[in-house]
Each structure stands twice: as C-alpha cells, then as structure tokens.
1. For A:Q46 paired with A:K71, estimate the spin-label separation in nm (one decimal), with each label point 7 Å from Cα along the Cα-to-Cβ line.
2. What's the magnitude of the charge dipole for the stretch A:26-178 around its Cα centre, counting Lys and Arg as +1 and Asp and Glu as -1 at the beta-carbon? Answer in Debye, nearest 20.
3. If r is the Cβ-Cβ distance from A:L413 to A:L354 and R0 is 30 Å, what FRET efficiency results, to the nearest 0.05?
4. Hey, could you pull the Cα Rg and Dmax for the protein assembly as shown, both in Å?
5. Length gain on complete extension for the stretch B:V169 to B:M53, per 0.36 nm per residue less the alpha carbon to alpha carbon distance?
6. Classify the stretch B:204-347 from the C-alpha gyration tensor, please: rounded if a/c falls under 1.5, else prolate or oblate depending on whether a/b exceeds b/c.
7. Suppose a student asked you for the relative contact order of the stretch B:128-192, using Cα pairs under 8 Å spaced at least 6 residues apart; what percent would you report?
8. For chain B, with all protein chains present and a 1.4 Å probe, just round the carbon and sulfur fraction of the accessible area to a whole percent.
Amino acid sequence: MVFSSNFFIFAFLPLFLLLLFLTPARYRNTTILIASLIFYAAGSGQLVSILLFSIVINHFLGIQLSRYSSKILLSFGIILNLGILGYFKYAGFFWQEFSAAIARLGLSTENSSLDIVLPIGISFFTFQAISYLIDNYNGTIKPAKSLTSFGMYLANFPQLIAGPIVRYSDIQDSIEKRPISVDLLTVGIYRFSIGLGKKILIADSMGSLADQIFSLPQSELTSSLAWLGIIAYTLQIYFDFSGYSDMAIGLGKMMGFNFPENFNQPYRSKSITEFWRRWHMTLSNWFRDYLYIPLGGNRKGRYRTYFNLFAVFFFCGLWHGAAYTFIVWGLFHGLLLTLERLFLNKWNLKPTGLLGQVYALLFVMIGWVFFRSDSMTQSLSYLEAMFGLGQGVNEFFSIQYYLTNDKLLTLILAVVIAVAPFERISSTKTNNPKIYFALVVLALVTIELAGNVFNPFIYFRF
Amino acid sequence: MSKPLNYLAILLFGIIITLPSITTLIAFEFTTPLQENRTKVSFPETLECVKNMNLDVCHRHLNDWFNDNYAPRDLFIKLQTQIDYTLFSSSDKVHIGDDDWLFYRSTLDTQKIVNERVTDDEFTELLTKFDNLSKALSAKNIRLAIIPIPLKDTVYPEHLPSSVPNLPVNSRYKKLQKWLAEHDTIINIDAHEFLSKTKEQQRVFHKTDFHWNDPTGFKFAEALTNKLWQNQEGSLENIWTDTLSIRTADLSGGQASFLPLLVPPSEVGLFVKMNWKPTKGVYDYSPAKPWEYIYDGTNETRAKLGHTVVLSDSFYDAFIRSGFEKHFKSIHRTRTLSSDINTVIANMPLETEIVIIEFIEVYIARLAQNGFGDEPTHTTN
C-alpha cells in the first residue's frame, strides 16, 4: 500500500485514525502495530513473516544486549540482520553476476537467475533494527518494555516503507506515553497534506516527463532533451522522497511521535559535503554513526579518511539497490567527497557561494543519471547526450512537446520550492493559517488522483 | 493559531478523507457516469482472500475496485480535466487543437511515431509483400484494392496544437500511397488527395471523434465503387447513382469522452440522410471465423460488382451506412483488429473476385513489423 493511493487516503487512513482515537491510550501501540502489519501485508503478502521474525528476534537480542553487552551477541545480531537483507536484496544480483562470469569461462549454470521477492522496506527496517541493537549494546537506550512496543516501533507504517530511518533513541520517550494534542494533529495534517502535494502534484508530473525522455532511443536523445530529462528527474526524486518523508512525519505527529527530519532543501547545497548534510539525513547520519565513525572516521589519518569515505559511499550506493548503477552512483559521491576533503586539507579550498551551488547541483545531477538509468550503458550514453557527444537528432520530440504549459509551470514551481531561500517547507509550526493552504493542496491532490485512474479504452476498433 | 481554527482544519481534513468512502457506502451519485468503454473492476471475493491468506492479492483487487468505483471519482475526473483544460488548454489523453479539434495522444504521440520508426528495410519488405500479394491474386483473376486512409491530423494539420510531435511531411503513409499510385495492378484511391479536395466543400472529419464523417465516407464509397466498376468493365461509366443528402445533429464523439469536461465538448456533426432503397441482400452475422459477417447480394438487382472479401477497420463502417455493399454479389468482411492478411487470403471463398484491404495509416507499422500474419497453409476453402 502506498500513501499516494486513493484506497490509503480515503479508506485505510480514516479508518485507522478513527480506531486510534477510539482506542484507550494504553492500547494504542497495539492498534498501531496491528494496522502496520496489515499495511505491510497488503503490499507484501506473506513476506510479512520476515518483518515479524525481525521484530521477535531483535526484541529478544535487544534485551540480552542491554543485560550482557556481549560483542559476540551484537555481531550475531548484526550478521543475522545483514544476512537477511543480503539474501533478499543482493543474492539475486550476485548470483547473476557469478553466473555471467562462469558463462564467460565457457561453463554454464543451470539456473542463471534466482527468483527472490524483495520484501518492501527491508533496507529501512533492517537499519533500524541494527541501530537498536548497537544502541542497546552501547547502553545509550533502554530496550523496549514489551514486544508490542518494539514491534510498533519497527513496523510503524508511516516510516516503514520509505523512511525516515527512525532510531529508537529518537522516539523512545514517546513510545509508552505520548499526548495526542489538537496542535500536534494539526501539524500532522499540514505535513501530510504538503507531502502528498509534493508527491502527486510535483514529483509525479516531473516523473512522467523524465520517464518519457529516459525511454527515448539513443538516436533521438538530443542534448537539450537529455538536460530536460535529468532536471525533471532531479526534481522528481527530491519531491517524491521528501514528500514521502513529510507524509511519514505528518502521520507520525498524528500518532503523537516526532520523527526526525529527512531533508533540508538539499539542492541549496554549496558542496557535495553539504548536500549529504541535507539529503536523506537519517541515512547519512546512520552511516556516519554506525559505519564511518566505527571505521575510524577522520581520526586515523588522511588516507584512511579517504578510504572510509569510499567505503561508506560504496555501501550507501549498494543500500539503494543491487545494481552497478547504484554502486557507481555511491562511488561517484565518495570520490567527490574525497576530492572536496583533499582540496580543503591541502589548499584550504572549498566551494562557496553561487558557484558552489552550481557545482554541487551539476554534479548531483550527473550522479542522478547513474541512479535513474537501467544500466551502465544507458548511463554513459545519456551522459554523452547531455554533453553534446551523442548522436541524437531532434526527429520527433522537441522541448515544446514535453514542456506543455502545465509541465512548465510545475517545473518552475518545483525549482523555486527546491532552491529558494525561504523558510523550509518542512517547518514544524503551524502558527498561521497555512494549514488551510495545505488543505487546498490536499483537495487538489484528491482531484488529481482521480485523473490518474481515468483509463478509458479507445473503441475505434481498427 | 487559535483552537477553533485548529478544530475547523481537523474537521475539514476529516471531511476530505472520509467523504469518498461514506458516499460510496450510501451509493451517492455525484454526476453522470463517464463512458470508458470497459467493464469496471468488481468487488473482490472476500472469502477467497481470507481463505487463501493472500492479503496482498486481495488488497490489489480491493485497490483496483476502489479506484474504479468510489463515489466522487467521476466528478473528480471531470474537475481535474476541467482545470487542465481551462488553465492550460491541455489534457493527458488528447491534444486540444484550435477551435476544440481533438486528436488522440496515443495516436499522435505513440502510434504515428512507431510508424515513422519503421526501418527502410522493413518498409521495403512490406512493399515487396504487397507486390507479391497482388501478383498471386492476379494469377487467380482476383483484383486487389489497397486503401490506406490518412488520419485527421494528416488532413487537418492546421488545427493541430504546437505541442504535438514533429512528424515528417514525407511520412511512411505518403511513401506507401506514392508506391500504390505507381502500381497499376493494385486498385487504389489516393485518400489524402481525395479528402483534401473534399474538405474544401465540407468538413471531412468529426472534430470530437476519431473518424471521418458519414458524408465523407459516402463520397469515398462512391468513388471506390465507381473505380472498381470501371476496372471490372474497362469503361469510364459510373455505377453509383445515389445522391448525397446531408443532415446535421449534435455530436459528442469518442474523443470527447477522453476529455470529460463538466460540460462535454460537442459539435454539429454531419451525417448522411438515407434516400436510397435498402438492399434486398441478406446478412449473416454469425459466420465461421474469421468473418464478422457475410453479405449475400443474390436478390439485389444493383449487385453488379463481383464476390468480394473485405479486410477493414471502423472507417469502412461509414461505407456500410452509405449503401456501399448493395453493389456487390457478396461480401465477406473481417476487421484488421481481429484478422491479418494471410488469414483472409487463406479463408477467402473460391468465387472471390475482389479483395479490398482498407486500413488507417498507423496500421502500416503493424504490417511492416508483424508481416501479414502466419503464412497460409492453403489458399482457398
């Protein structure tokens, strides 16, 4: 189930909120847990058993780690979680590569592909579980008081599928007891509606533009179209992802939680280093705290720091998907961060001002080419087209074809919202009537969603 | 913000998210239902979902059902279309030309592009196949008529909006038409030229529908009938005697249903007033495959043209409404949607004297890329 579906907005959400508010406070975690499991099973079916297993085993391990602080137990917990993630997310990819390598040697394997269905959100709940175990081991948190409480935390449906990655420490004070106030509810409605608007009114519109251009044959991909395509995708991925985070944060507030912020206008960054302080902040913080710092961070010399950056971004790329394009995207960012660090260390140079913003945005967009492409071949030919090295000629589709009045307006609005230096849209206060603006956005979204399901059949029978 | 305003906001939010479900439960009808030419998704078998524990499958089905059936859906679709139309003059289903001429996006943005992406080799092979077909039929004294028909955007480019794809002037359709004109063994009428001339006298396509209008179909049927007769008799005499009488009526065509505004787009459509005697021939609407119907003109005195097989699309329907078929001894008709050329050739009756293949220009890609269908195992039955 996705937040941006009619069924979620008009059926699941009202029913859930009604039940939540009718439930006595001490049973609300149970209501949230059951709703979350139904939400998950609706999208993943019987794979909900993986989530249930993760809840039970990590709850048990958390309690043991808080008692014994055992390195062996922690290692077991981390390996188990990563093993499950590795099997479901990466086994197919590595097996395919292994089979291809074997085939190149003239040998053949009977099954060249593994049919493993990826449980939705497994990357998110695995990382949450690992942070829970490590924090219990370090003694920075107390384990959940009950299986229900922990299950409610790990399976919490607003952030289960697309984040933000909520650490137990972020919400531990509100797990057992939390007020649901009118103010919090209003803020939640505001964030949810704005997030939905970002997703439906901006991201989906830009997404259709990007999809059309990325699907063009190489022979028709001109430089201007390639740039339009990547600009559209750059906006799509930001508004889609940050929209989902806004919706999650908003739903969390409706339940009485304060989930951490995940985006802070990342396209305003003046360097790649700053970009990663503003983009998917809960993931970069997770990697910083649970991988970069344990590897030694920047405390073990210059070259070790560079290595650590590469290692972190290699895994960051891999976390996003089991494909070379994601790995290259991660390494590309690792390289840029290393270069920025090198320039800073050696010449005390760092990108600033408008030039820095242009530099950061340009390289982020180049990175998105890898992220969006289906293969490395497509990435490279797309980059060639962007920089005028491709063979594409403008045969059928001009810029004018793609940039219809509505798309143009959406693109301009999206750019303004993404980079304009006004108070960021993720403000947590609604001390003015902007909630009513958000409700207008919500009304527009409901209308737009209907348009998405209008699917008449052409009946001219040729 | 004051508490009352907070409460009001929460109330409004509650109304927005609950109204669709509540009105669905009470089966409230907000507006006249939209025409979508398909069956809407039915409510899932709840017991089956529970029994098999397939919550994901059940949810998918429930989601599809909800998307198709929630009460304010059609009103919201109309509002969304109206907003796009009023503010941006755009729609994601149709191109909106000047004076509200409508053109399917799927045709212009996809099918015509696919047509133009047909490679030179594929196109040459298609021409060779047409040539071979005409020779094979000619050896059996069967005459072949091939009639590709240009679409509304080709005939009325002046009404296209600027946002349509750039299509080459010398399109695959034009190249095929030129090749046909150069081949005397194939009977053909240059439909583009014919329609371009006719449009100086009357509108030839509906503004809100995909098809040419019936008066145009009438005129084209007349021209084709006379051409077949002249070819059969080797004379310049015309066989068609009916005169065209035009009536007008309000029309909101098929393309208008793809632009569901609060007030649907409409036009004054041109239609044919029937002023001829209906045929005495007999129609069999339940023949064996691949035929859609078989017309037997034995009792019809006006039936002077030979036994004919027709592979055609819905543009041919305007011929039928113009009394075209009364001129034939018999007609076996099938559609391009359900049959291919080889199937028609393999199943045509022994007495066949004429084969008519009529198709709209975007069919060229299908012919070029998928061929004429499976090679026939026998030629007649």
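The values are calculated or read from the model by the stated rules, or taken from the named source; none is laboratory data. This structure is a prediction, so every number in the text was calculated from the model and none was measured. When we count neighbours, we look across all protein chains shown, and the Cβ atoms used for this are built from the backbone with ideal geometry, even at glycine. We work out accessible area using only protein heavy atoms, side chains counted, and drop any ligands, DNA or RNA first. Shrake-Rupley method; radii C 1.70, N 1.55, O 1.52, S 1.80 Å.
1. Label at A:Q46, label at A:K71, 4.2 nm between them.
2. Details: 11 positive and 7 negative charges, 119 e Å.
In total the dipole reaches around 580 debye.
3. Details: r = 21 Å, r/R0 = 0.71.
FRET efficiency, A:L413 to A:L354: 0.90.
4. Cα only, the protein assembly as shown: 32.7, 107 Å (Rg, Dmax).
5. Details: separation 116, 0.36 × 116 = 41.76 nm, distance 5.76 nm.
Extending this stretch completely gives an extra 36.0 nm.
6. Values: a/c = 2.17, a/b = 1.41, b/c = 1.54.
The shape class here is oblate.
7. Details: 44 pairs, mean separation 31.2, N = 65.
This gives 48 percent for the stretch B:128-192.
8. 55
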